[in-house]
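The values are calculated or read from the model by the stated rules, or taken from the named source; none is laboratory data. Just so it is clear, the model here is predicted, and its values are computed rather than measured. When we count neighbours, we look across all protein chains shown, and the Cβ atoms used for this are built from the backbone with ideal geometry, even at glycine. Ligands, DNA and RNA are stripped out before the accessible areas are found, and what is left, the full protein with its side chains, is counted by its heavy atoms. Shrake-Rupley method; radii C 1.70, N 1.55, O 1.52, S 1.80 Å.
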Amino acid sequence: MPHVTRTHRFGLLTPSSNSTQEPEFSEVLPRTVSLHTGRLAFTNIDADTLVRCIEELAQESRKLADAEVGVIVFAATAPSLTKGKGYDRELIKRMEDASGKPATTASTAFIEALTFLGIRRIAIAAPWSETVNKTVVSFMEANGFEVVNCGVMGFVRNTELGRADPQTAYELGRSVDRPNADAVIMPGGNWPTMSIVERLERELGKPVLTNNAASIWAGLRRLKCHDSIAGYGRLLRDHLGDETRSG
């Protein structure tokens with residue numbers, strides 16, 4: 001196997017039961033970017049777990065700093081917004097204070113990507129329960145976005161979500177779309193969605209932003225890695241190199 005010079009190190013914080021993010025991130029990240037992972041105790045997608053998993057955030061961030069990563073991304077949407085507007089920023093501060101490294105979260109990445117693209121009206125396709133999704137809708141609305149429609153899969157066990165057929169994500173994404181939605185967002189880091197983004201964007205004629213694509217986009221921009229990544233939607237294909245907002 002030929003040697004590949006790794007010029008950047010990408011730190012990923014993922015739930016302990018997540019089986020999707022490491023394969024998807026490894027597939028999508030440029031060959032010059034190496035992936036380094038820390039895990040937070042997490043089995044069920046419920047209110048208690050979403051709060052409890054944060055207890056390990058600083059400890060795992062410090063461990064990733066030992067690998068001299070250039071960025072740390074807590075790539076889980078629901079745990080990073082469960083306490084409302086500004087909670088993601090609190091978590092970023094904890095991560096950065098503990099590690100001394102630039103950090104972000106999946107929910108922050110969604111906000112940044114939607115703002116960057118000039119999108120205000122969204123439809124949400126989510127893998128979890130209606131109860132969890134209410135916190136997502138509230139967070140998006142508090143940050144100035146109009147949620148025109150949403151739908152959920154109802155998963156509670158995170159391991160079961162990781163085994164879901166990507167076709168289910170495609171079908172839900174297609175069903176929640178509305179003519180007045182500027183984009184469809186698909187939170188849920190253990191939901192296999194990267195493989196269906198291009199197809200869904202072609203059919204809907206609008207951006208489709210997934211948890212993992214948005215998290216990769218946000219992390220790579222912080223690493224100053226701006227090369228286009230094809231095959232996973234327009235955010236990574238067309239907007240890694242842009243420094244100004246694009247419509």
Positions within the range 55-66 being out of contact with any strand residue (DSSP E or B) (no Cβ under 6 Å at 6 or more places or on another chain) and open to solvent by 10 Å² or more (accessible area, probe 1.4 Å), in sequence order: Glu55, Ala58, Gln59, Arg62, Ala65, Asp66
Provide a single number: the residues in the range 145-167 that are surrounded by 16 or more Cβ atoms within 10 Å (Cβ to Cβ) and of a type in the set (S, T, N, Q). 2
Flagged in the range 18-72 as closer than 23 Å to His8 by Cβ and of a type in the set (Phe, Trp, Tyr), in numbering order, are Phe25
If we scan the range 210-223, do we find a residue that is closer than 16 Å to Ala75 by Cβ and over 16 Å from the mean Cα position of the chain (by Cα)? yes
Is it fair to say Ala109 is in contact with a helix residue (DSSP H, G or I) (Cβ under 6 Å, 6 or more places away or on another chain), more than 17 Å from Ile45 (Cα to Cα) and either crowded, with 20+ Cβ neighbours inside 10 Å or among the hydroxyl-bearing types (Ser, Thr, Tyr) (or both)? yes
Tell me which residues, restricted to the range 186-221, are assigned to a loop (DSSP other than H, G, I, E, B) and in contact (Cβ under 8 Å) with a residue 40 or more places away in the chain. Pro187, Gly188, Gly189, Asn190, Trp191, Pro192, Pro207
Would a scan of the range 159-179 turn up a residue that is of a type in the set (A, V, I, L, M) and in contact with an Asp or Glu (Cβ under 7 Å, 6 or more places away or on another chain)? no
Only one residue in Ala169, Ala183, Ala125 is closer than 18 Å to Leu81 by Cβ, in contact with a helix residue (DSSP H, G or I) (Cβ under 6 Å, 6 or more places away or on another chain) and not acidic (Asp, Glu). Which one? Ala125
Testing Lys83 on (1) of a type outside the set (A, V, I, L, M, F, W, C); (2) within 28 Å of Met153 (Cβ to Cβ); (3) open to solvent by 70 Å² or more (accessible area, probe 1.4 Å); (4) assigned to a helix (DSSP H, G or I), one condition comes back false. Which one is that? (4)
Hey, Val136 assigned to a strand (DSSP E or B), open to solvent by less than 40 Å² (accessible area, probe 1.4 Å) and under 19 Å from Ser175 (Cβ atoms) or not: no
Would you pick out the residues in the range 10-29 that are in contact (Cβ under 8 Å) with a residue 40 or more places away in the chain and surrounded by fewer than 18 Cβ atoms within 10 Å (Cβ to Cβ)? Ser19, Glu27
I need the full set of residues from the range 142-171 which are in a helix (DSSP H, G or I) and either β-branched (Val, Ile, Thr) or touching a Pro at 6+ places or on another chain (Cβ under 8 Å) (or both), in order please. Asn158, Thr159, Leu161, Gly162, Pro166, Thr168, Ala169
Filter result for Ala181 (hydrophobic (A, V, I, L, M, F, W, C), in contact with a Leu (Cβ under 8 Å, 6 or more places away or on another chain), under 20 Å from Thr115 (Cα atoms) and open to solvent by less than 10 Å² (accessible area, probe 1.4 Å)): no
Go through (1) within 16 Å of the chain's Cα centre (by Cα); (2) hydroxyl-bearing (Ser, Thr, Tyr); (3) surrounded by fewer than 15 Cβ atoms within 10 Å (Cβ to Cβ); (4) part of a loop (DSSP other than H, G, I, E, B) and name the single condition Thr5 misses. (1)
Residue that is farthest from Ser17 (Cα to Cα) [pool: residues in the range 197-209 that are under 17 Å from the mean Cα position of the chain (by Cα) and open to solvent by 10 Å² or more (accessible area, probe 1.4 Å)]: Pro207
